[in-house]
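Novice: After the structure tokens below, expect a handful of questions from me.
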Amino acid sequence: MLPKLRHNNLGFTLIELMVVIIILGILAMWVAPKIMSRPEQAKQVKAQLDIQNLETALKLYKLDNGSYPATEQGLQALVEKPETGNVPRKWKSGGYLEKGRVPKDPWHNEFVYLSPGLKGDFDIISYGADGVPGGEEENKDINNWEFE
């Protein structure tokens, strides 16, 4: 008598495959929103860093010239010597920003600059993704007076 060969099925059943697909779907629904929200958060952090760099350049400008550029002169005074208003006498040749241009915020909008500012000596504002004042989440305004 020959021993009876046992047939072992090494594959998966349809039910096992369905359970795995459902589990993967639930995980995707939970993880995807968390991953997708990161790019906007990264843009907000970049805007904060850009504002801090602009603040540093403005402080250097003030050290050289005794005052911050006026609102009318704007941040452009950091890369080009102003010809109007309070014309700086000791403006640094080459400007105060490394790349020789005023950066835009991560949403490709101009930073808003006020001097004197409403909250300090000067205000620098990015209006977020929507480009208009106010908003929450990705449309939240990023202001220099809100972080150290």
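The values are calculated or read from the model by the stated rules, or taken from the named source; none is laboratory data. Since we're looking at a predicted model, the values are computed, not measured. Positions of Cβ are generated from backbone atoms using ideal geometry, with glycine treated the same way; all protein chains shown enter the neighbour counts. Side chains included, ligands, DNA and RNA excluded: accessible areas come from the protein's heavy atoms. Shrake-Rupley method; radii C 1.70, N 1.55, O 1.52, S 1.80 Å.
Novice: Restricting attention to the stretch 92-123, which residues are among the hydrophobic types (A, V, I, L, M, F, W, C) and under 14 Å from the mean Cα position of the chain (by Cα)?
Specialist: Of the residues in the stretch 92-123, the ones among the hydrophobic types (A, V, I, L, M, F, W, C) are 97, 102, 107, 111-112, 114, 118, 122.
Passing the criteria: Trp107, Phe111.
Novice: Show the residue pairs that are 6+ apart or on different chains and have beta-carbon atoms under 9 Å apart, the first residue being within the stretch 46-66 and within 21 Å of Lys104 (Cβ to Cβ) and of a type outside the set (Gly, Ala, Ser), the second being open to solvent by 60 Å² or more (accessible area, probe 1.4 Å) and part of a helix (DSSP H, G or I).
Specialist: Partner pairs satisfying both residue conditions: Gln48/Glu146.
Novice: OK, next. Quick one: how many residues across the stretch 96-121 are in contact with a helix residue (DSSP H, G or I) (Cβ under 6 Å, 6 or more places away or on another chain) and open to solvent by less than 100 Å² (accessible area, probe 1.4 Å)? I'd like the intermediate steps shown before the answer.
Specialist: Within the stretch 96-121, the subset in contact with a helix residue (DSSP H, G or I) (Cβ under 6 Å, 6 or more places away or on another chain) is 96-97, 102-103, 105-106, 113, 119-120.
Now narrow it down to the ones that are open to solvent by less than 100 Å² (accessible area, probe 1.4 Å): 96-97, 102-103, 105-106, 113, 120.
Selection size over the stretch 96-121: 8.
Novice: Would you check if there is a residue in the stretch 70-79 being out of contact with any strand residue (DSSP E or B) (no Cβ under 7 Å at 6 or more places or on another chain) and modelled with pLDDT under 90?
Specialist: Step one: filter the stretch 70-79 for residues out of contact with any strand residue (DSSP E or B) (no Cβ under 7 Å at 6 or more places or on another chain), giving 70, 72-73, 76-79.
Then keep just the ones that are modelled with pLDDT under 90; that gives none.
Scanning the stretch 70-79 turns up no residue that is out of contact with any strand residue (DSSP E or B) (no Cβ under 7 Å at 6 or more places or on another chain) and modelled with pLDDT under 90.
Novice: Can you name the residue in the stretch 53-94 that is in contact with a helix residue (DSSP H, G or I) (Cβ under 8 Å, 6 or more places away or on another chain) and assigned to a helix (DSSP H, G or I) and is also surrounded by the most Cβ atoms within 10 Å (Cβ to Cβ) among such residues?
Specialist: Taking the candidates together, the pick is Ala77.
Novice: Considering only residues of the stretch 134-148 that are at pLDDT below 85 and closer than 10 Å to Gln52 by Cα, which is least open to solvent (accessible area, probe 1.4 Å)?
Specialist: Filtering the stretch 134-148 for residues that are at pLDDT below 85 and closer than 10 Å to Gln52 by Cα, the one least open to solvent (accessible area, probe 1.4 Å) comes out as Phe147.
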